[in-house]
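In what follows, a structure is listed as structure tokens, so that the remarks can point back to it.
The values are calculated or read from the model by the stated rules, or taken from the named source; none is laboratory data. Remember, it's a predicted structure, so these values are computed and weren't measured experimentally. Here the Cβ positions follow ideal geometry from the backbone for every residue, glycine too, while neighbour counts run over all protein chains shown.
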Amino acid sequence: QQPVQSPQAVILREGEDAVINCSSSKALYSVHWYRQKHGEAPVFLMILLKGGEQKGHEKISASFNEKKQQSSLYLTASQLSYSGTYFCGTVAGGTSYGKLTFGQGTILTVHP
Amino acid sequence: DAGITQSPRHKVTETGTPVTLRCHQTENHRYMYWYRQDPGHGLRLIHYSYGVKDTDKGEVSDGYSVSRSKTEDFLLTLESATSSQTSVYFCAISDLGGAYSGANVLTFGAGSRLTVL
């Protein structure tokens, strides 16, 4: 079952902040975040592991609430280059190498 | 790109014809995946492989088969294409080592756009 992302779309001006949420009905081992620019492949941003460790992007942060099976991606002081579709991917169960199941995506548009 | 190539990049075919998409990697990664991307559905896993000749189904595997005879190649076959299989197909690879040791961080190919008329 796919995780649910919200909102479906966000429109920002440069410098504004945004939060994208990802919620799963399953107990999670890890949450991944990817960004896809139009016509390109998704690119890995960061991973949040059970136990709170975060690895990945320098200017974008995220949180992972294991008890609620939820993750949030925080984009602060947005730049034009942040535009794209953001996907969360979840790994359920107790193993790190489980299948990655993606949400439906959140379209982020940043205007000058 | 991290040594992952998909072919063909674009294909138009007719209903009922067989289609094979190829994913080739030069990273020697153990895991390979096929996803399809459709508006409103995000990326959905079709099949994946955890080694040569070791494959398993994903969430939308009906109508698709895969084969992996070599570490570097993962083939996706539509035995008899239908219009519902019109989509963009992404191959991805992962390994459990590197900077994200223990986690299957995916690297995606450029995608193959398939249109079934």
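Annotations
- Taking the criterion of being hydrophobic (A, V, I, L, M, F, W, C), surrounded by fewer than 16 Cβ atoms within 10 Å (Cβ to Cβ) and either part of a strand (DSSP E or B) or touching a Leu at 6+ places or on another chain (Cβ under 8 Å) (or both), the only residue of segment B:1-42 that qualifies is B:12.
- Positions within segment A:9-57 being in contact with a Ser or Thr (Cβ under 6 Å, 6 or more places away or on another chain), modelled with pLDDT of 95 or more and at the interface with chain B (Cβ under 9 Å from one of its Cβ atoms), in sequence order: A:36
- Residue match in segment B:94-103 (condition: within 14 Å of another protein chain (Cβ to nearest Cβ), under 24 Å from residue A:43 (Cα atoms), polar (S, T, N, Q) and free of Cβ contacts under 8 Å to residues at least 40 places away in the same chain): yes
- Considering residues of segment A:89-98 that are within 9 Å of chain B (Cβ to nearest Cβ) and surrounded by 19 or more Cβ atoms within 10 Å (Cβ to Cβ) only, the residue modelled with the lowest pLDDT: A:91
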